[in-house]
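S.K.: After the structure tokens below, expect a handful of questions from me.
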Amino acid sequence: MEQLLNDFSVGLFFWQTILFVVLLFLLRKFAWKPILNAVNEREDSIKSALDSAEDAKREMAKLKSTNEDLLNEARGERDAMLKDARDMKDKIVAEAKVTANEQADRIVAEARESIQHEKMAAITELKNQVAILSIEIAEKILKEELSSADKQKTIIDNVVKDINLN
Amino acid sequence: MLISPFALFANHHEDKAEHNEEEVAHHEEVVVELTEAEKKAAKRKAYIKHHLQDSYDFTIWQAKGIGFPLPVILWDEGLHLFSSSKFHHGETVAESKGNFYKLYHGKIYKTDAEGTISYDEHHHPTNAKPLDFSITKNVLTIMLVGLLIFFVFKRFAKSYSNNLVPRKGGKFLEPLVLFVRDEIAIPNIGKKHYRKYMSYLLTVFFFIWFLNLAGMTPLGIGVTNNIAVTFGLALITFLITQFTSKKDYWGHIFWMPGVPVPMKFVLAPIELLGVFIKPFALMIRLYANMTAGHIVLMSLIGLLYVFTNWFAKGAFLGLTLFLSIIELLVAFLQAYIFTMLTALYFGGAVAEHDDH
């Protein structure tokens, strides 16, 4: 202990303390503060990057589920639309059928009417032709009958005979 | 407290000059009686001691006398400033402004013009010692290592200015800085208070580590195996602990909660003593570890010269290499332990005890 105290150098202690304190303040200003700040800043940025990555992941998951929902909705809509279209088609077809039937019936009825009409016209024509023919025949017969004076005299006689003088 | 013994030395035994001369004679007699081997051993011992000690000149190669003198600054009723080359390694008396100084066993004593040194019965010089603020080898080393640390970390800090990812040397230094923060500061002090202590913890860690490593060089600049240096560091830790402490800290010292009242009176002096023992232990631990490591290493190197057997030389060479590697580890470990315990004391000073 005595040796230790004897070896103790006041000058060395003095310089060591001063130099150390100076070094401490210089390093604090020029080294430790910038270094620790940079390290902290980097750690913060890493942390925030990780956080934002986590957020992005969560966002993605959310988006994915939204997409799923949208898809499902779209699928449902498509199905509904298809069903509507099918119904519409059935309806249209049914309506068309009905309309066609009606049209056909009408046409058939009209045709029938027309035929009837034509038939009647033809019958009338035929009747007229027959009448004309009958008149012509009668005319020819008459002309034949009245071609000679004797015949005319006979006829007049018959007629005169028939006329009763009342 | 630690300075007073010097003053005692200075004023003691001035009237026992004759007795001291006898002592010197006796001492020299003993030296003569030594055998050749013993002389060699004594020389080696002196060499090791000298190597570990602070000195007034910077020795690069002791055997060849290569080195350079350093400025001596003394305060002895006025400022004395002269080059240490004036001492001629203790062979001559240096004169400055009418006062005479002599270097004796690595210490400067005030003497007369002839350089007379008087001794007490333990063969300790009784001459007055001037207040010594010399730029010694250790002070110069602290300056150089301090500058090195400053420029290394300033550069490292600058590399962050345009991107947040460390480059080059920063890749090596950043994990160490983070180690101090995440393994030393936060676990011991807590997330709430650790920030204000970071500058001190980082500085003390790298300061001790770099100085320990500098001490591993063969230049003999073991700054941290000097009690004055470790005392300075421990003192700063002590002061920061006391001045940043919270009410709870003092409450736990003077009025320990959760124990019966008589126990409180018993614990108070023990706790108060602990306040001083903690930094004292810091001081002794670093000093003793570094000194012991250097002594063991140098002794092993000394043994290389003692043994003439080549097998033994090889074995000791291997052992020296092995211990050098251990010492490299110890250099880091002691810096870590000092910083870690410092953080622990800071943690105690700012701890908030919710359970009481």
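The values are calculated or read from the model by the stated rules, or taken from the named source; none is laboratory data. Remember, predicted model here, so these are calculated numbers, not experimental data. Here the Cβ positions follow ideal geometry from the backbone for every residue, glycine too, while neighbour counts run over all protein chains shown.
S.K.: Within the range B:130-157, work out how many residues are facing chain A (nearest Cβ under 9 Å) and assigned to a loop (DSSP other than H, G, I, E, B).
M.R.: Going through the range B:130-157 one residue at a time, the tally reaches 4.
S.K.: Determine the pairs where a residue that is closer than 19 Å to A:ASN158 by Cα, located within the range A:128-147, has a partner that is of a type in the set (D, E, K, R) with Cβ atoms under 7 Å apart, the partner being 6 or more residues away or on another chain.
M.R.: Filtered contacts from the range A:128-147: A:GLU145/A:LYS151.
S.K.: Moving on to the next point. Name the helices (runs of 4 or more DSSP H) wholly inside the range B:193-270 in which the number of residues that are modelled with pLDDT of 85 or more is 1 or more.
M.R.: B:198-216, B:227-243
S.K.: Test of understanding: among A:ALA38, A:ALA49, A:ALA56, which residue is facing chain B (nearest Cβ under 7 Å), out of contact with any strand residue (DSSP E or B) (no Cβ under 6 Å at 6 or more places or on another chain), farther than 30 Å from B:LYS107 by Cα and assigned to a helix (DSSP H, G or I)?
M.R.: Within the list A:ALA38, A:ALA49, A:ALA56, the selection yields A:ALA38.
S.K.: Report yes if some residue within the range B:67-84 is outside the structural domain of B:ILE227 (by TED's automatic domain parsing) and modelled with pLDDT under 75; otherwise report no.
M.R.: no
S.K.: Give B:THR224, B:THR241 a once-over and let me know the one that is among the β-branched types (Val, Ile, Thr), surrounded by 18 or more Cβ atoms within 10 Å (Cβ to Cβ) and either away from chain A (no Cβ under 14 Å) or out of contact with any Ser or Thr (no Cβ under 7 Å at 6 or more places or on another chain) (or both).
M.R.: After applying the criteria, what remains is B:THR241.
S.K.: Quick one: B:GLY232 ticks every box in (1) free of Cβ contacts under 8 Å to residues at least 24 places away in the same chain; (2) surrounded by 17 or more Cβ atoms within 10 Å (Cβ to Cβ); (3) more than 14 Å from chain A (Cβ to nearest Cβ) except a single one, so which number is it?
M.R.: Answer for B:GLY232: the failing condition is (3).
S.K.: If you check A:LYS29 against the conditions, is it within 14 Å of chain B (Cβ to nearest Cβ) and either more than 30 Å from B:GLY146 (Cβ to Cβ) or basic (Lys, Arg) (or both)?
M.R.: Yes.
S.K.: Still on this structure, I have one more. So, A:THR99, is that one surrounded by 12 or more Cβ atoms within 10 Å (Cβ to Cβ) and of a type in the set (Ser, Thr, Tyr) or not?
M.R.: no
S.K.: I'd like the full set of residues that are aromatic (Phe, Trp, Tyr) and outside any helix (DSSP H, G or I), limited to the range B:305-328.
M.R.: B:PHE307
S.K.: Same structure again: Would you check if B:TYR109 is at negative phi, touching a Pro at 6+ places or on another chain (Cβ under 7 Å) and in a loop (DSSP other than H, G, I, E, B)?
M.R.: No; evaluated as a whole, the condition is false for this residue.
S.K.: Could you tell me which residue of the range B:63-89 is surrounded by the fewest Cβ atoms within 10 Å (Cβ to Cβ), considering only residues that are within 24 Å of the chain's Cα centre (by Cα) and without any contact (Cβ under 8 Å) to a residue 24 or more places away in the chain?
M.R.: B:PHE68
S.K.: Which of the residues belonging to the range B:154-173 are surrounded by 20 or more Cβ atoms within 10 Å (Cβ to Cβ) and within 17 Å of B:PHE332 (Cβ to Cβ)?
M.R.: Selection gives B:LEU173 alone.
S.K.: From the set of residues in the range A:7-35 that are in a helix (DSSP H, G or I) and in contact with a strand residue (DSSP E or B) (Cβ under 8 Å, 6 or more places away or on another chain), which is surrounded by the fewest Cβ atoms within 10 Å (Cβ to Cβ)?
M.R.: A:VAL10
S.K.: Of the conditions (1) within 30 Å of B:GLN334 (Cβ to Cβ); (2) more than 27 Å from the chain's Cα centre (by Cα); (3) among the hydroxyl-bearing types (Ser, Thr, Tyr); (4) at the interface with chain A (Cβ under 10 Å from one of its Cβ atoms), B:TYR194 satisfies every one except a single condition; which number is it?
M.R.: Evaluating B:TYR194 over (1) within 30 Å of B:GLN334 (Cβ to Cβ); (2) more than 27 Å from the chain's Cα centre (by Cα); (3) among the hydroxyl-bearing types (Ser, Thr, Tyr); (4) at the interface with chain A (Cβ under 10 Å from one of its Cβ atoms) leaves (4) as the failure.
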